[in-house]
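Here is the structure we will look at, set down as structure tokens.
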Amino acid sequence: MSERKNKEVLSGVHFWQGDIACAEGAIAAGCRFFAGYPITPASEIAEHMAKRLPEVGGIYVQMEDEIASISAVIGASWGGLKAMTATSGPGFSLMQENIGYACMTETPCVIVDVQRVGPSTGQATKAAQGDVMQARWGTHGDHEVIVLSPNSPQEMFDLTIKAFNLAEIYRVPVIVLSDEIVGHMWEKVRVPSPEEIEVYNRRKPSYIGEPIFGGVGEVGVPPMPRIGDGFNLLITGSTHNEYGYRKTVDPEVHRRLVTRIVNKIRKNADKIIDVETQDIEDADIGVISYGCTSRSVYDAVILAEEKGIKIGHVRLRTIWPFPEKVVRELAERVDFILVPEMNLGQLIYEVERVVGCEAHVKAISKIGGGEMITPEEILSEIRKLLGR
Amino acid sequence: MSSKHFALKFLREETLPTAFCPGCGNGIVMNCFLKAIEELGFHDLSGFAFVSGIGCAAWCVSPYFKADSLHTTHGRPIAFASGLKLARPELNVIVISGDGDIAGIGGNHLIHAARRNMDLLVICINNFNYGMTGGQVGPTTLHGVITTTTPYGNPEYPFDLARLVESAGANFVARWTTVHVRPLINSIKKALKKEGFRFIEVVSQCPTSFGRRIGKRTGRDLMKWFKERSIHISKVRDTQRVEDVIVVGEFVDRDRPGFVHKIREIIFKVRGENV
């Protein structure tokens, strides 16, 4: 038994690549199904899962494309397994329709997007942060997903566990929005003992006939049975009532369903959101970052301190739902907020929406070649803005 | 003695009558499938899971079958079903959907599931067109035929689905029409007892969106046409093309181990024990 547990959670200190840490986090969270399709820079996740899942009695299958991969993941999730796929921009685009299906059918699943330079094939081996809005709005129609942004191999492990837990609690697809730098970076990763790892599982219905697509108020998450357990489930991406029956013309049923699947995330945002803050109380200037770019901000904070400038740093581990409160808090304390991103402006629009006239919001953008925004570039922008 | 139709115990009665057009072949396929289930001795569908995509044929199982059904996105039922089967190998996972869904937008999943010998029974109801959306040309539409998107005649040629899936590696492939009720039931029974990928194409009538454009306005007209054109595989000559005849029969029946079996072998090899 203890040997079995050891194979599931590799407790100890490791030198791991981000992609490997992600795969190990998934297994530690109880993921027992992976369907994927090779793509740089996410292939290492599939390769590691192919090796590791059979060791823990799990299923790895390489599908014919990314559409099939996310489809199989959703099918496996309804079969009762915790399921995941991993991809990058082009494959993430292909998955969008079925991410919407997972939202509509309230299917827990985890999608890892190790971002690379786009659009299109772009620069396949180079890092970017260009999928922030696709992660939020890639599928059509009103919906909410949860998007997490790791900035180290350690967080690839930790946030993948968190992604599974949130998926199970809220019955929603959760996206781990990584990038090539974090995915391919090798660093120390500490894996806790199994007892230290919190793992949540979907709530099961207490009786046959209990509604599983509603009947839980306006923000509730209904229980979820497995296929094959005698529930005679009707699962459909069409608008459906709380028992799963298609109601494709009834406006009230649609409003009730879609408002709830949106509100179960929006109204629980405070419970979901996870941010790291540095020195925002007495900051001279604010910086909002996520993913690999946040690592440069850490250094910029130190460099700025040497010049007597205090950066208030908000680092988003949760990108969606957007952490409005802490951003507003920061805006009340500073005149300028910088948003460094490896794209030509994505998250900055959300920051601007929330900040309004409270502060000036300025982008630091860099794209191409996977070149990071450097601490010096951040500092130089700050000094320009503050005139010192 | 009950006067109820045998199939009612397998159906959600509150959803009947079906939404299908008068003359549609979907009811015949449902009837044949449930007859096969009945004849195999099942009293309910509890050991089965049904997966379908988008289109009229996808509605056979959702909502009418009193069973678990996963009504998926367009073209993807085989991929969803693959994940479900791997997660719950003890279930008999069945895909029932149309030709546009399975061979058009979902054609890639069809050939790869056959190649993989995924343990699924796929029943493809082929009505030669995209019926639900109003009768557009599809991957099975005969050459030269007028549809809403080929107003001057179809310039393309159709797939021979049964042969396509056979060559892709399926364990069992059969094709019948809605006229061949008894042979279809027998093939379904045979397929249900096998592992690996099993594919049954059922040529079916769509008088509303397809038949009326080729001068066959009723289901009866189309079924008569199927009967005239059908030729059993044992009697087929090399010169006969898919657009001239409907070759019916069982195309392949082999017993390669299914994908689930292969995956279990790997897990056993790695762990040294069964899961």
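The values are calculated or read from the model by the stated rules, or taken from the named source; none is laboratory data. Please read these numbers as outputs of a predicted model, since none were measured by experiment. Cβ: placed from backbone, ideal geometry, glycine included. Neighbour counts: every protein chain shown.
Summary table
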{"read-out": "Test result for B:V122, under 17 Å from B:N171 (Cα atoms) and either more than 9 Å from chain A (Cβ to nearest Cβ) or of a type in the set (V, I, T) (or both)", "value": "yes"}
{"read-out": "Pair list, Cβ under 6 Å, 6 or more apart: the stretch B:169-196 residue more than 22 Å from B:M118 (Cα to Cα), other residue aromatic (F, W, Y) and surrounded by fewer than 24 Cβ atoms within 10 Å (Cβ to Cβ)", "value": "B:T177/B:F226; B:V179/B:F226"}
{"read-out": "Residue selected from the stretch B:134-170 under the condition among the polar types (S, T, N, Q), within 17 Å of B:G211 (Cβ to Cβ) and under 20 Å from the mean Cα position of the chain (by Cα), by the criterion surrounded by the most Cβ atoms within 10 Å (Cβ to Cβ)", "value": "B:T141"}
{"read-out": "All helices (runs of 4 or more DSSP H) inside the stretch A:1-103 with 2 or more residues being surrounded by fewer than 22 Cβ atoms within 10 Å (Cβ to Cβ)", "value": "A:2-8, A:43-52"}
{"read-out": "Some residue of the stretch B:161-173 being more than 14 Å from chain A (Cβ to nearest Cβ) and either touching a Leu at 6+ places or on another chain (Cβ under 6 Å) or in a loop (DSSP other than H, G, I, E, B) (or both)", "value": "yes"}
{"read-out": "Test: residue in the stretch A:55-62 that is among the β-branched types (V, I, T), more than 14 Å from every other protein chain (Cβ to nearest Cβ) and in contact with a strand residue (DSSP E or B) (Cβ under 7 Å, 6 or more places away or on another chain)", "value": "no"}
{"read-out": "Pairs where the first residue, in the stretch A:216-233, is more than 14 Å from chain B (Cβ to nearest Cβ) and within 16 Å of A:S206 (Cα to Cα) and the second is buried (at least 19 other Cβ atoms within 10 Å of the Cβ) and among the β-branched types (V, I, T), C-beta under 8 Å, 6+ apart", "value": "A:V221/A:I169; A:P222/A:I212; A:P223/A:I212"}
{"read-out": "Criterion (more than 10 Å from chain B (Cβ to nearest Cβ), of a type in the set (A, V, I, L, M, F, W, C) and in contact with a Pro (Cβ under 9 Å, 6 or more places away or on another chain)) met by exactly one of A:A86, A:A46", "value": "A:A46"}
{"read-out": "Of the criteria (1) more than 19 Å from B:R212 (Cβ to Cβ); (2) touching a strand residue (DSSP E or B) at 6+ places or on another chain (Cβ under 7 Å), which one B:V181 fails", "value": "(2)"}
{"read-out": "Unique match (being outside any helix (DSSP H, G or I), surrounded by fewer than 21 Cβ atoms within 10 Å (Cβ to Cβ) and more than 19 Å from the chain's Cα centre (by Cα)) among A:E358, A:E377, A:E332", "value": "A:E358"}
{"read-out": "Selection within the stretch A:216-260 - of a type in the set (D, E) and either at pLDDT 95 or above or in a strand (DSSP E or B) (or both)", "value": "A:D229, A:E242, A:D250, A:E252"}
{"read-out": "Verdict on B:S187 being at pLDDT 95 or above, crowded, with 24+ Cβ neighbours inside 10 Å and of a type in the set (S, T, N, Q)", "value": "yes"}
{"read-out": "Test: residue in the stretch B:210-231 that is touching a strand residue (DSSP E or B) at 6+ places or on another chain (Cβ under 8 Å) and either surrounded by fewer than 14 Cβ atoms within 10 Å (Cβ to Cβ) or within 14 Å of chain A (Cβ to nearest Cβ) (or both)", "value": "yes"}
{"read-out": "Long-range neighbours under 8 Å by Cβ, at least six apart or interchain, first residue more than 14 Å from B:T208 (Cβ to Cβ) within the stretch B:14-29, second part of a loop (DSSP other than H, G, I, E, B) and small (G, A, S)", "value": "B:I28/B:S204; B:V29/B:S204"}
{"read-out": "A:R353, sole failed condition from (1) under 29 Å from A:N268 (Cβ atoms); (2) among the charged types (D, E, K, R); (3) surrounded by 17 or more Cβ atoms within 10 Å (Cβ to Cβ)", "value": "(3)"}
